[in-house]
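Presented below is the structure to which this report refers.
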Amino acid sequence: MSDPLEQRLKALMQQAGEENDAHEDERLDRVLHQAHLRGGIFDLLNLFARWGWVVSEGGARGLRHARPVSRANPDSSGTSDPSAE
């Protein structure tokens, strides 16, 4: 897989004209490692934040229907005729 960030960093380092290629490769590996770690941590935090939101929304909606809901009018005294009052 080709990483455009890695290619750009290599091109910039070659333009600088530094002679120690082994040292530059190690430095590039460290920079890319740090970038991937930070990106991975951000992705994990984003994943857990979204997961937490989904669980909280599901729990809140589930609690609204935790008990059976009666469709009868609570003001009626057992009669189904609304004109009886």
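The values are calculated or read from the model by the stated rules, or taken from the named source; none is laboratory data. Treat the numbers as computed from the prediction; the structure is a model and nothing was measured. Just the protein is used for accessible areas: all its heavy atoms, side chains included, with ligands, DNA and RNA removed. Shrake-Rupley method; radii C 1.70, N 1.55, O 1.52, S 1.80 Å.
Scanning the range 39-72 for residues that are at pLDDT below 90 and open to solvent by 100 Å² or more (accessible area, probe 1.4 Å) turns up Trp53, Arg61, Leu63, Arg64, His65, Arg67, Pro68, Val69, Arg71. Filter the range 6-16 for residues that are of a type outside the set (Lys, Arg) and open to solvent by 90 Å² or more (accessible area, probe 1.4 Å) and give the result. Matches in the range 6-16: Gln7, Gln14, Gln15.
Against the list (1) assigned to a helix (DSSP H, G or I); (2) acidic (Asp, Glu); (3) modelled with pLDDT under 90, the condition Asp75 fails is (1).
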